[in-house]
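Written below as structure tokens is the structure these notes are about.
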Amino acid sequence: TDIYMSAALEFIHAATLLHDDVIDKGTIRRGQKSINENWNNKFSVLLGDFMFSKSFQLMTQGKSLKAMEHLSEVSSKISEGEFLQLSNENNVTLKSSEYIKIISLKTAELFGAAMKVPAILTGKKNEEIVNLYKLGINFGIIFQIIDDTLDYFGDKKTGKEIGKDFMEGKVTLPIIILLKKVSKLDAIKIKKLFTKNKRNQNDLSLILSQFKKNEIKRDCLNYAKKYQIKSEIILNKYDNKQSGLFKDLLVSSIQRKN
């Protein structure tokens, strides 16, 4: 049962990445050419659809109605997150709370399910299921905050295209924090960049210099650390090897460079 359910989760994950690259016109995935770049968008969408349907097939073999309910719920939440993100493209008035809602649906719910479903399958008490779900959600939020931060501060050697989110007009946490810190005049200049049909390298250079001046990287990491602290409060209830490893994982996730 656990193998079927974990495979279903990974199929959902892979399907979302395939569809993601089509929506975002992504050409690089984990340092290599994406499927849509190697073949085409139609191929990528169909393969993603196949993986989604395959995941539901695997779920039924898991023979747990409760676990199946949660996994199917995750699929709709991910789509909801994608819709929310799409409708907020170029939205320079996006609040940090709205950003967290988007990434919670788009990314963190999958992590939440990965932690919650094994607890359901092993018949854990409801309190423990909720705790593990929260840990997954917090970890997913940390992962996405760091991912969005690395979009501006990552290393080109890792296969990440610096400023890709900016070029696409995505307003993520670094931009949200920056707009709160700069003067009204600078804020107007930055907001204007997002009204353009296309942004260029000069625009990106301006943003990167503003980030450096206002120590935005540090602020983003501190924002992620709030979720690390929330997670550690839960993990302190479990004094075992696994909780210790999870604490280490939280630290390395915030410190990751790619």
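Checking the stated criteria, residue 49 turns out to be among the charged types (D, E, K, R), closer than 29 Å to residue 2 by Cβ, surrounded by 13 or more Cβ atoms within 10 Å (Cβ to Cβ) and modelled with pLDDT of 75 or more.
Residue 215: open to solvent by less than 100 Å² (accessible area, probe 1.4 Å), of a type outside the set (A, V, I, L, M) and on the phi > 0 side of the Ramachandran plot, yes or no? Against the criterion (open to solvent by less than 100 Å² (accessible area, probe 1.4 Å), of a type outside the set (A, V, I, L, M) and on the phi > 0 side of the Ramachandran plot), residue 215 qualifies.
The residue of region 136-175 that is least open to solvent (accessible area, probe 1.4 Å), among those that are assigned to a helix (DSSP H, G or I) and farther than 28 Å from residue 87 by Cα, is 158. Within the option set 77, 95, being among the basic types (Lys, Arg) and within 30 Å of residue 3 (Cβ to Cβ) holds for one residue only, 77. The number of residues in region 69-105 that are within 16 Å of the chain's Cα centre (by Cα) and assigned to a helix (DSSP H, G or I) comes to 23. Within the option set 132, 121, being under 25 Å from residue 8 (Cβ atoms) and open to solvent by 50 Å² or more (accessible area, probe 1.4 Å) holds for one residue only, 121.
Residues being under 30 Å from residue 131 (Cα atoms) and in contact with a Phe, Trp or Tyr (Cβ under 7 Å, 6 or more places away or on another chain) are represented in region 204-224 by at least one member.
Only residues that are surrounded by 18 or more Cβ atoms within 10 Å (Cβ to Cβ) and farther than 21 Å from residue 16 by Cα were counted in region 93-117, giving 1. Just one of the listed residues (16, 27) is at pLDDT 70 or above, under 19 Å from residue 164 (Cα atoms), open to solvent by less than 70 Å² (accessible area, probe 1.4 Å) and of a type in the set (Val, Ile, Thr), and it is 16. Please work out which one of (1) touching a residue at least 60 places away in the same chain (Cβ under 8 Å); (2) open to solvent by 20 Å² or more (accessible area, probe 1.4 Å); (3) part of a helix (DSSP H, G or I) is the condition residue 234 fails and give its number. The number of the failed condition is (2).
Look through region 176-192, keep the residues that are free of Cβ contacts under 8 Å to residues at least 24 places away in the same chain and in a helix (DSSP H, G or I), and return whichever of them is nearest to the chain's Cα centre (by Cα). Filtering region 176-192 for residues that are free of Cβ contacts under 8 Å to residues at least 24 places away in the same chain and in a helix (DSSP H, G or I), the one nearest to the chain's Cα centre (by Cα) comes out as 180. The set of residues from region 75-91 being among the hydrophobic types (A, V, I, L, M, F, W, C) and open to solvent by 70 Å² or more (accessible area, probe 1.4 Å) comprises 83, 86.
The values are calculated or read from the model by the stated rules, or taken from the named source; none is laboratory data. What you see is a predicted model; the values in this text were computed from it and never measured. So basically every Cβ, Gly included, is an ideal-geometry build from the backbone, and we count neighbours across all protein chains shown. Just so you know, the surface numbers come from the protein's heavy atoms only, side chains and all, with ligands and any DNA or RNA stripped out. Shrake-Rupley method; radii C 1.70, N 1.55, O 1.52, S 1.80 Å.
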